[in-house]
Amino acid sequence: MENMEQTQEQLSALLQVRRDKLTELQNEGRDPFRITKFERSHTSGQIKENYTEEERELKKRGSDEVQIIKAKISPLDGKEVSVAGRIMSKRGMGKVGFVHVADIDGQIQLFVKKDILGEEEYNRFKKLDIGDIIGAGGEVFTTQTGEISIRADKITLLSKSLQPLPEKFHGMTDTDLRYRQRYVDLIMNEDVKKTFIARSRIIASIRAYLNNQGFLEVETPMLVSNAGGAAARPFETHFNALDEDFKLRISLELYLKRLIVGGFDKVYEIGRVFRNEGLDTRHNPEFTLMELYQAYTDYHGMMDLTENMYRHVAQEVLGTTTIVYNGIEMDLSKPFERITMLDAVKKYAGVDFNEIATLEEARAAADKHHVEYEERHSKGEILNLFFEEFAEEHLIQPTFVMDHPIEISPLTKKKPENPDYVERFEFFMNGWEMANAYSELNDPVDQRERFKAQEEQLAQGNDEANTTDEDFMRALEIGMPPTGGIGFGIDRMCMLLTDSPAIRDVLLFPTMKSVGK
């Protein structure tokens, strides 16, 4: 307890020192917070990129020995540049000081010499703290140790940091604190910054690929009166202006299909959806979903699109079609495996549901294999429980699992030759479901019957079941062409491509329980 009190006292003293420095600057008329802009010519990466490596001979101090080192030479060597960023380290401070400044691309060293900066400015420089944001100008050069640096002739304090950063050696390792204070996490952990830059590039690559394929990006409502299109429990709210209850969307599906009815042949949306469910390494109550719909194709067309898009994004973002996640290699260059749910259960559970004719037989098989089910579950739902229990974990390499039971697929076309199953697939990698796709149901009579069955499940206690969306039914009755559709979990895709262990590692601001609750 005494050590904690001492630590708190030390922290309070450090905070006061920084505030005193700010007050001194303000009294001198040098308030950094009154500066509105700084013209920088380059980032650290631009100064370092396209450098050449050359062997350089250096005479050791106080010795006639010659040291041969390989130095990185910037293409801007000898040129005047200006940079801006956050001070991450300081050393020296006699008549010469060195600081590392971090920006979006990484860090670059400033060589600060009293003779160059001038005595008054150098003394001000010495008072700067780690965490302060500065702008600096000077000449690019390579130090004797081979580091590309800037010989600073001007330094401007742009923002005074009033809170000390975590101690450099220990960094910021508290996982909970990292998620709550992502701004500090990004400053202290370079790999975290790279992950979110990669996420941005992944989404940009998806957009570019789909736009090049003739898809139109659209936006649909987040606040809806009927949250359908997926098996999930929605968040609910009250809209005061209309005095009506609304829900946050759980899916993008039903509005995008309305647009297919309206004559847009290829549409997609990347946006947040909200599901009132638990938190774990692969689930967050708000997450990024991409759904796309294409007229005049089916779920086989969606498989081809998925395969091609995943290869494109991996190649563009990673430079390879081989993904390594947690030490496991997944090869996107080969044709993705395609297997039916029936065959997957037969392969991994040793149970052939083709030979199971009744619900009683399905329950008997579940009892024998210790698969838990509820009284309301149908034969098809028990098949899906077998799949989840025995097959999913084995689907490491890219795999399309096809032809699901109709009971768990209320928005999907039946297979003409076997109406107990539908033209649907789920895409798996690393044992995770990465995407869900259908040959979309466009028969309004059949669709109404499916909604009716969903409402019966809702009445039996399934709070994830859909309810009938009458406006969507009206759209289907106007007529929707044969259509293929798919939903992609963007966050899981980012996890795989960045080798991130949890969904919170690819969400800038994940949902967290309030402190003290």
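The values are calculated or read from the model by the stated rules, or taken from the named source; none is laboratory data. Source: prediction; values computed, not measured. Here Cβ is always computed from backbone atoms with ideal geometry, including for glycine, and neighbour counts include all displayed protein chains. Surface accessibility is based on the protein's heavy atoms, side chains included, excluding ligands, DNA and RNA. Shrake-Rupley method; radii C 1.70, N 1.55, O 1.52, S 1.80 Å.
Size of the dipole of region 126-193 about the Cα centre, Lys and Arg at +1 and Asp and Glu at -1 on the beta carbon, nothing else charged, in debye to 20?
260 debye
Suppose every K and R has +1 on its Cβ and every D and E has -1 on its Cβ; what is the size of the dipole of region 20-104 about the Cα centre, in Debye to the nearest 20?
220 debye
State the Cα centre-to-centre distance between region 276-344 and region 478-508 in whole Å.
If we compute the Cα centre of each part, the gap is 8 Å.
If you add up the charges near GLY45, with Lys and Arg at +1 and Asp and Glu at -1, over every other residue whose beta carbon is less than 11 angstrom from its beta carbon, what do you get?
-2
How many Å² of accessible area per residue for the chain, probe 1.4 Å?
Roughly 51 Å² per residue, with all protein chains present.
Can you give me the % of accessible surface on region 79-177 that is carbon or sulfur? Probe 1.4 Å, all protein chains present, nothing else counted.
52 percent
With n ≥ 4 as the cut-off for DSSP H runs, can you work out [θ] at 222 nm for the chain, using -39500 (n - 2.57) per run divided by the number of residues, rounded to the nearest 500?
About -10000 deg cm²/dmol.
Specify which residue in the list LEU117, ALA152, PHE141 is farthest towards the positive end of the charge dipole of region 102-164, using unit charges on the beta carbon of Lys, Arg (+1) and Asp, Glu (-1), about the Cα centre.
In region 102-164, that residue is LEU117.
For a test of the definition: using alpha carbon positions, the gyration tensor, and the 1.5 limit on a/c, classify the chain as rounded, prolate or oblate. List each step's numbers first, then the result.
On the way: a/c = 2.45, a/b = 2.13, b/c = 1.15.
Taking the square roots of the gyration eigenvalues as a ≥ b ≥ c, the chain is prolate.
Quick one: pull the percent of accessible area on region 359-515 belonging to carbon and sulfur, 1.4 Å probe, ligands and nucleic acids left out. Kindly include the intermediate steps, with their values, before the conclusion.
Values: 3210 of 6630 Å².
Here carbon and sulfur together make up 48 percent of the probe-accessible area.
Would you work out the charge dipole size for the chain about its Cα centre, treating the Cβ of every Lys and Arg as +1 and the Cβ of every Asp and Glu as -1, and quote it to the nearest 20 debye?
2840 debye
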